[in-house]
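Inspection log for the structure reproduced underneath, given as structure tokens.
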Amino acid sequence: MCLIVISVIALSLGLLVHSWRMQRLYTRNNWRLVFWMNVLLFPALCTIVLGLRKIQVSTYDIALERGKFQYLHWYTGHVKDLLFWAVPLDIVLIFLWAMVAVCKSKSSRSVTGPA
């Protein structure tokens, strides 16, 4: 089960990198690139956090019984806890960059004048 979760996490990160590269090719300004990168980062972070939680839950009994996966269980818990706080931070950044993008587009329209 852990291999399936790790495969889904790797696939999610691969799709994130591919989407980021496509955004770099076709996005005209850096403000939109940062905004779309934060938007794409949100589902990837959620997938990673849920995957790490599944790995932590799966290794709990084995870590208690045999002590084999004790470090894996401990490290996945700490990484999950750190990334758990990165998800709300990413949501805040998405709203911040959306407001910056709206302000930039309004200021560029006012400089060029109404069409």
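The values are calculated or read from the model by the stated rules, or taken from the named source; none is laboratory data. It should be emphasised that the depicted structure is a prediction, and the values quoted were computed from it without experimental measurement. Neighbour counts are summed over all protein chains in view; Cβ atoms, including those assigned to glycine, are modelled from backbone coordinates with ideal geometry.
Quick look at the numbers
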{"item": "Tabulated pairs, region 79-98, first of a type in the set (Gly, Ala, Ser), second surrounded by 11 or more Cβ atoms within 10 Å (Cβ to Cβ) and assigned to a helix (DSSP H, G or I), C-beta under 7 angstrom, 6+ apart or interchain", "result": "Ala86/Leu45; Ala98/Phe35"}
{"item": "Of the criteria (1) surrounded by 14 or more Cβ atoms within 10 Å (Cβ to Cβ); (2) at pLDDT below 75, which one Leu64 fails", "result": "(1)"}
{"item": "Candidate set from region 4-41 (those that are surrounded by 16 or more Cβ atoms within 10 Å (Cβ to Cβ), under 21 Å from Ala86 (Cβ atoms) and in contact (Cβ under 8 Å) with a residue 40 or more places away in the chain); member that is nearest to the chain's Cα centre (by Cα)", "result": "Leu41"}
